[in-house]
1. Any residue at all in the stretch B:130-142 that is within 42 Å of the chain's Cα centre (by Cα) and more than 23 Å from residue B:179 (Cα to Cα)?
2. Only one of (1) closer than 30 Å to residue B:151 by Cβ; (2) surrounded by fewer than 21 Cβ atoms within 10 Å (Cβ to Cβ) is not met by residue B:205, so which one is it?
3. With (1) assigned to a helix (DSSP H, G or I); (2) in contact with a strand residue (DSSP E or B) (Cβ under 9 Å, 6 or more places away or on another chain); (3) at the interface with chain A (Cβ under 7 Å from one of its Cβ atoms) as the list, and residue B:160 as the residue in question, which single condition is left unmet?
4. Between B:508, B:512, which is part of a loop (DSSP other than H, G, I, E, B), of a type outside the set (Lys, Arg) and in contact (Cβ under 8 Å) with a residue 40 or more places away in the chain?
5. Got a number for residues in the stretch B:1-32 being hydroxyl-bearing (Ser, Thr, Tyr) and at the interface with chain A (Cβ under 8 Å from one of its Cβ atoms)?
6. Answer yes or no as to whether residue B:33 is touching a Gly at 6+ places or on another chain (Cβ under 6 Å) and closer than 28 Å to residue A:29 by Cα.
7. Of the conditions (1) in contact (Cβ under 8 Å) with a residue 60 or more places away in the chain; (2) within 30 Å of residue A:30 (Cβ to Cβ); (3) assigned to a strand (DSSP E or B), residue A:320 clears all except one; give me its number.
8. Starting from the stretch B:441-462, keep only residues that are polar (S, T, N, Q), then list their pairs with residues that are crowded, with 16+ Cβ neighbours inside 10 Å and assigned to a strand (DSSP E or B) whose Cβ atoms are within a distance under 8 Å, requiring at least 6 positions of separation or different chains.
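The values are calculated or read from the model by the stated rules, or taken from the named source; none is laboratory data. Please read these numbers as outputs of a predicted model, since none were measured by experiment. For neighbour counting, all protein chains shown are included, and Cβ atoms are generated from backbone atoms with ideal geometry for every residue, glycine included.
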Amino acid sequence: MTTEELERLLVEQPVELLHRLARGRVHRHFRAGKRRLIELLLRHSAENRQGFESDLLALIADRQSHPVGPAARPAVERPRAAAHGRPHPAHHEPEHHESPVALGAWLEGIGVPPPQPFVPDPWQEEALAKLQQGDVIVSVPTGSGKTYVAVEAARRAMEENRTVIYTSPLKALSNTKYTEFCRIFGAERVGILTGDRRDNAQAPLLIMTTEILRNLLYDAAGGEIDLRLDTLGLVILDESQYLADPERGVVWEETIIFCPSQARLLLLSASIGNPHDIADWLTSIRITPCYLIKHSKRTVPLRAGYLHPDGKLTPLFRTVGIPHGHPNYLHPEARRLFARYEDETMPSGRRR
Amino acid sequence: MPPSIHPVDLIEALRQKHLTPAIVFLTSRRACDEAMESFDHTRSFLPPVRQEAIGTVLRQVIDQYPSIAEHPLIPTVQRIGVAAHHAGHLPSWKIAVEELMRHGCLDAVFATTTLAAGVDFPARTVVITQSSIRKARDFTDLTIGEVQQVAGRAGRRGKDLVGFAIVTPSPYIDLGVITKGLTGQPEAINSQFVISYPMVLNLLKAHPLDQMQAILAKSFAQFQLNQRAEVLERKLDEIHRQLEPYGPRVCTDWISQWQLFDHVRRQRTHRTPMRRHEPPEVAARFHFLTTGRVAGLSKSRGVVLRQYRSKGQKSPMVTLLRPGGAITECPAAIVTEVFDHVLDCVEAPVYPWCTPDSIEQLLRELEELPPRLPVLPILVPKEELIPDAIVQTLGDFSCPTCPSRSACQKDHAHASKLRQEQQRHTKAIQALRTSLWHRFQEKIDALQRFGYLSPTVQLTETGEWARLIRIDHSLLITELVRAEAFSGASPALLAAVMSSIAHDDDRPGAFPRISPGLGSLLAQVRKLAESLSPFEDPPLLRADIAAITEQWIGDPTLTWIGLCKKTTMAEGDIYRLLARTLEFLSQLHGLRHTHPSLAESASQAIATLRRGVLEELP
């Protein structure tokens, strides 16, 4: 075989085959396009021409004996066809009738929203209203504005001359909130308690870690009251999904069990699977009922994408947004690229 | 090494599509640092306006936290607008990065997944490169909740119309985990209620013992146990319903009655295989009725030619040669005596079972035998004489003649299965309802044993102060205090021991040497921890970790940089170690009313410990 013949043969092959041929021969071949890949392969073939040719012929024979590749890897030479929703038997789902979203449409709408006056969401209003009647647990996605509820609730309680305790699981978070609350309410009205330091411990709004609050509650129960628990009107437990933390979860339980009955509890939590269980539990142990405020809609919609190591970006799912409940509803392009990635990175000889 | 996108290319791709600012979640701190290093060789610079903006924000943060003024990463961050943020950094540096991000000065932050649970830190885009995280020495797949927590950082309220979660493959990725995480419902959370020694002491201080069960019943743990118990109770009701048709018959509890009968019946047939009519004497004798044996019959004597069992009944039989030459087949029971005398005989496989010559011989010998022969003493097994107790009771059962016998026999298999299930559920429900209380009682027992609680479950004098130690490994610490292990120990030694108790990470590294005094004290602590291991899991008690604290407190002139240079431990880890030691020491300081000298030593240690970086944050 002359070099020209070999080159012609390589040009005829799909890029997938070339990548498999390049495995172990060419360094970082996955980053190369087809032309560059052929160039690299030809350069390499000078080292061991016989072996290279026999490998190539074996791969071609292998490909011809299995003309239909595994279902997860649609024909590479026709990515356009795949991207336009060619029905694919192995992954056929009823939803697949509509064609997958194009990259342009998926990227549309990036930008900064025009400044608009802050209007609380209905669920935020509802949470605050329910807090007048009993305990409240808020379980909403990250970044939906739980802090607004905490701040408003604290403001209302302080207006009624009641003490507010805000707890977070981490010292770092406590510090962030301390700075934030100082900005909102003024430094003289906010205090912080940590393991060994008390700043402004007589302030109406106290920030601490949950462990500190638990210790305070134990001290109060033991008769050594060193905090005005009788005027305590509201306890805000941020990140209450820590209830399920293997090491520290017990502290949240203790805090909730021993929280004085006249104080309202406001539990702020990320999305969890069983918030109604927690609400039922609170209702069963506290004198006031517990209301559950729950939704799973994000304020800022989320889209998922797939970035191939060669820098190619595609949507991850066939829809613009996240197709809830359909984990296999992948964009064909993302599926193809990931299959290729797996094929390339798999140690040779082992196939999925 | 399988490939993943180069950090520089990644940021470039995101910038091109206007997907910045982004948080890139990487597997490890090292991956974050290496990503930062990879920018050293790029020629990309931020426009001067943006560099200036970063400088302004940084100056504000440095005003508040002077310790980061000299941070080695500042020039890189300013030049390229990208930063790393992970637990190995000082809290003040992390605050600086957060502040920069909040002002929109950075294009990307490389972070570990700890960030996701940590601070309020959103961006337009999150990049996910892994589907598992390191949890206690092992990599485990991200849960749905964790994936959503990570993806939740994408999209800033009021600053973005859309948020993006972008997956990029790396050796650590399983796309299925991520897609399931993005599209699924988060997992239900479960109670992790653990009953600790300080909890028991504090509860008993405030409430009498008889209220304890009620208090434990208020826990989420019990709530969830009750939920499980209720599920079982519903199942139990269903079983009750299914059992209804199998109500009382001739006897009220026919299921167990039949079960017993059935059992005995099987047992009996098992114990008397094939010899229902065989008295034990015969069975015992039969073994000795071998060829040539002289056997006594009721009127005469005979010689055994062969022994066998009859074909149908398998009853023991012998072939006898009688005086006069008659050869008879008769049951073994016919033999009245077995004599201690065996005649020689040549056996043959067919009738007459021995050679004709030997028959002549035998007949002659039989005639010549003396009239009195010694009888072979044969031991008849006793238990065979008195039948098994169970077998004896078989006569007590009314089942064989009972009118509902066939019905019982038919239904028994199903009914007894239901009954067993019923009993299993009943036991499980019992266990679910009482398990917390049992665990509580175990702790009470241990506390009584060590003298923190009196036999009447009141707090003793020791218990009164021990309840103030509300940290992990509280039993070890209170026992150390009681053993006066710290009397005369310097504040540095005390803090060093506390930090070795507090530290629960086994990451290796290089550390300073420990002093001989600390070494012997730690040996003492280790011995005590070992002896307490049935009651409390011993801490790691790393001497190398203790040495860091010892150096920091033992030498008040040591600077933070100086301390960091003595070890390979990351800054953030040292900070956390010292902060946690501080917490433990302040618990000891709480014992000032009962242990003034210890508390004094602790507060001295606290005062020395809290300097430099550790003074900056409240």
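1. Within the stretch B:130-142, the first condition is being within 42 Å of the chain's Cα centre (by Cα), and the residues that meet it are B:130-142.
After this cut, where a residue has to be more than 23 Å from residue B:179 (Cα to Cα) as well, the list is B:136-137.
Yes, that holds for at least one residue.
2. Condition (1) is where residue B:205 drops out.
3. Residue B:160 satisfies every listed condition except (1).
4. Values: B:508 fails: in contact (Cβ under 8 Å) with a residue 40 or more places away in the chain.
Step by step, each of B:508, B:512 is checked, and only B:512 is part of a loop (DSSP other than H, G, I, E, B), of a type outside the set (Lys, Arg) and in contact (Cβ under 8 Å) with a residue 40 or more places away in the chain.
5. Within the stretch B:1-32, the subset hydroxyl-bearing (Ser, Thr, Tyr) is B:4, B:20, B:27-28.
With the extra rule that they be at the interface with chain A (Cβ under 8 Å from one of its Cβ atoms), the set shrinks to B:4.
Count: 1.
6. Details: touching a Gly at 6+ places or on another chain (Cβ under 6 Å): no; closer than 28 Å to residue A:29 by Cα: yes.
No: the conditions fail for residue B:33.
7. (3)
8. Filtered contacts from the stretch B:441-462: B:460/B:453.
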